[in-house]
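The values are calculated or read from the model by the stated rules, or taken from the named source; none is laboratory data. In this text the structure is predicted, and so the values were computed from the model without any measurement. With ideal geometry, Cβ positions are generated from the backbone for all residues, glycine too; neighbour counts draw on all protein chains shown. Keep in mind that these areas ignore ligands, DNA and RNA; they rest on the heavy atoms of the full protein, side chains included. Shrake-Rupley method; radii C 1.70, N 1.55, O 1.52, S 1.80 Å.
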2 protein chains.
Amino acid sequence: MTLPGLRERKKQRTREALIKVALELFTAHGYERTTVDEIVDTVEVSQRTFFRYFSSKEEVAFAVQQMVEERFVEALRRRPPGEGPFDALRNAVLSGWDTIGDAITEVVPLDLYLRTFQMIESTPALLAVHLRRSTEMEETLARIIAEREGLDVDADPRPRIAVAAFSGVMRVTGQMWGRGTDQSLEAIRALTEQYLDHLGAALAPRWRDRT
Amino acid sequence: MTLPGLRERKKQRTREALIKVALELFTAHGYERTTVDEIVDTVEVSQRTFFRYFSSKEEVAFAVQQMVEERFVEALRRRPPGEGPFDALRNAVLSGWDTIGDAITEVVPLDLYLRTFQMIESTPALLAVHLRRSTEMEETLARIIAEREGLDVDADPRPRIAVAAFSGVMRVTGQMWGRGTDQSLEAIRALTEQYLDHLGAALAPRWRDRT
DNA sequence: GAGGCTAGTGACAGTCACTGACAATTGACA
DNA sequence: TGTCAATTGTCAGTGACTGTCACTAGCCTC
């Protein structure tokens, strides 16, 4: 492995500057009210360059999120094969939250990321993209689960169904966290744990009998 | 109730013409490759008028879907209070599929609707909007479920969690139906039934023991 | 049934995201 | 140092969408 040359480092710096400035402007003034021109003027590159780094204005908003998701997938891959599908998913998220903070801070301040996440949840256009990206990740997760269990994803619907139910709960978790008052990493971790525990109970035929 | 005047009827006709032409062009040439100008030229109204009826190009693609969703919500509201939350959701969808066909045909041919649904599933921009709309409906469903069970949605997470898991499965159903070969109303009904039955089993800790 | 009121429409100009084409620049490397 | 190739900037254009204002046509009153 060779050291990255000047050219490569410059590219990396431009990319990170674009992300940082974009997220700061987005969270400060709102996503819609921030134009791409404002971003590129601050970073001092041309608009054309922005669109060479990011295929759309939306994409830059998900740059950090992208990294978080990749970590989660890796965490799932590393789960011991003895765990059942649901436990593997659950433990992958929970262990992920423990190490994710440092990785984020290397790119942007942690609180900027947390504010970005809330902005995504509260901006319709971004929420839509977020949800679509989530389903793309679900497909990845389903394939990993299927492989763990020695199943064919296309023949047996259970991996996709389990992942869909799991992801649904994760999404509600993110939503509730965004609306709540405690906007810390610890809070989202606790909510995740709590809500996943509820899933089994929520599926029980009648709730009133066993409250 | 008075008969709608000429003005009102004219508006209704314009709206339906825009929907029909838009869906036909979308399904024939693709959503992205169809411009709003093409739609309005065919219907012979100005672009400005199009945007007075629909707030965006996306919205017209969901005009029929909107109606279907409203029906489902109504069906859920009419479920007997004795049913558990999950059964109520399940039966509302299944009974919905039986009567939905006629309602759709009043606006557009059934097969145009089915093709539109597939187009939505296979067009990233529309899929994103579709998913966001789904979560909006989930909120409605969660509130209905909470009310049925005499719970407070904001205090007890179970309604939202149950609905999220349920909707996740419904989404997978729609996806699988779109990818499959049998594109009939009956097929989607059968898939719905089959996949919902799998949900309980998919959550079981270990799958291998009970295949 | 003439005339005023107003909802609905069209025409026009402008903004913003995004793209293709080509020219200018600048690391990389012989 | 000079050449090559990657990166960036400039420019012109498209398509979705919005504000404004004038105009047309149902509607309603006298």
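Remark: pairs (first residue in segment A:25-44, more than 12 Å from DNA strand D (Cβ to nearest atom); second residue open to solvent by 90 Å² or more (accessible area, probe 1.4 Å); Cβ separation under 7 Å; 6+ apart in sequence or on different chains) = A:Thr27/A:Arg115. Filtered by the rule that a residue be surrounded by 12 or more Cβ atoms within 10 Å (Cβ to Cβ) and within 10 Å of DNA strand C (Cβ to nearest atom), segment B:1-16 gives B:Lys11, B:Thr14, B:Arg15.
If you go through segment A:119-134 and keep only what is touching a residue at least 12 places away in the same chain (Cβ under 8 Å) and part of a helix (DSSP H, G or I), you end up with A:Met119, A:Ile120, A:Glu121, A:Ser122, A:Ala125, A:Leu126, A:Val129, A:His130, A:Leu131, A:Arg133, A:Ser134. Looking across B:Asp102, B:Asp98, B:Asp87, one residue alone is at pLDDT below 90 and either under 15 Å from B:Phe26 (Cα atoms) or in contact with a Pro (Cβ under 8 Å, 6 or more places away or on another chain) (or both). It is B:Asp87. A:Arg115 passes every criterion in (1) away from DNA strand D (no atom under 16 Å from the Cβ); (2) out of contact with any Ser or Thr (no Cβ under 9 Å at 6 or more places or on another chain); (3) open to solvent by 50 Å² or more (accessible area, probe 1.4 Å); (4) modelled with pLDDT of 90 or more apart from (2).
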